[in-house]
Amino acid sequence: MSSQIFRSASKAVYGKAPCLASAFGRTVSANASRQWISGEAHAAKIIFIAIKLNGVQRGLISEIISQFQCKGFKLVVIKIVVPSKDFPKKHYHDLKERPFFNGLCDFLSSGPIVAMVWEGEGVIKYGRKLIRATDPKKSKPGTIRGYLAIVLIILFPCKNIIHGSDRPETAKDEINLWFKPRELVSYSSNAEKWIYGVN
């Protein structure tokens, strides 16, 4: 299962949209990666994205990755994990008083999750627009939830395929929770001059 999912993710990054696949430039040190994630000026340019169990099981990894790539965002880290039983309690700590909290935690720890960090100008603002409303029925056609999800089960709102940070502070906390500093890769992309018009 894991190798199959990895091939699917790799196809999305390097195979499905070859015209958008970046040619990687210089990769910086682990220390620079720690500074990269902690810098306030950079906080609005990174977002944590998780493809949930149902998105993984439905084979939607490449579809979701391609939407972020097509927008021009840069993938800086990706991994597939099965969270422990206690891990979701940390991720959803702000929802612990909600009636669906236990369902959220059980679902998040019940199978493979694709965890990612994306980088780019306005990535939180536009990334959230790509994801759209928690309830798929209220999401616009063409967005990830509007296009790929159908219903929101009231007791299990986690089953809407994808999670994305809603503000810079949340992104920083979630990235630090899901990834070690050495896993974050800061690199230059040759595609940036075509996206942002800089040399």
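The values are calculated or read from the model by the stated rules, or taken from the named source; none is laboratory data. Quantities reported herein were computed from a predicted structural model and do not represent experimental measurements. Here Cβ is always computed from backbone atoms with ideal geometry, including for glycine, and neighbour counts include all displayed protein chains.
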Residue 130 vs. criteria in contact with a Cys (Cβ under 8 Å, 6 or more places away or on another chain), assigned to a helix (DSSP H, G or I), of a type outside the set (D, E, K, R) and modelled with pLDDT under 85: no
Close pairs from segment 79-106: first surrounded by 13 or more Cβ atoms within 10 Å (Cβ to Cβ), partner basic (Lys, Arg) and modelled with pLDDT of 85 or more, Cβ under 6 Å, at least 6 apart: 105/89
Check on residue 139, at pLDDT 90 or above and farther than 30 Å from residue 188 by Cα: no
Wholly within segment 23-122, strands (runs of 3 or more DSSP E) carrying at least 1 residues that are modelled with pLDDT under 90: 24-27
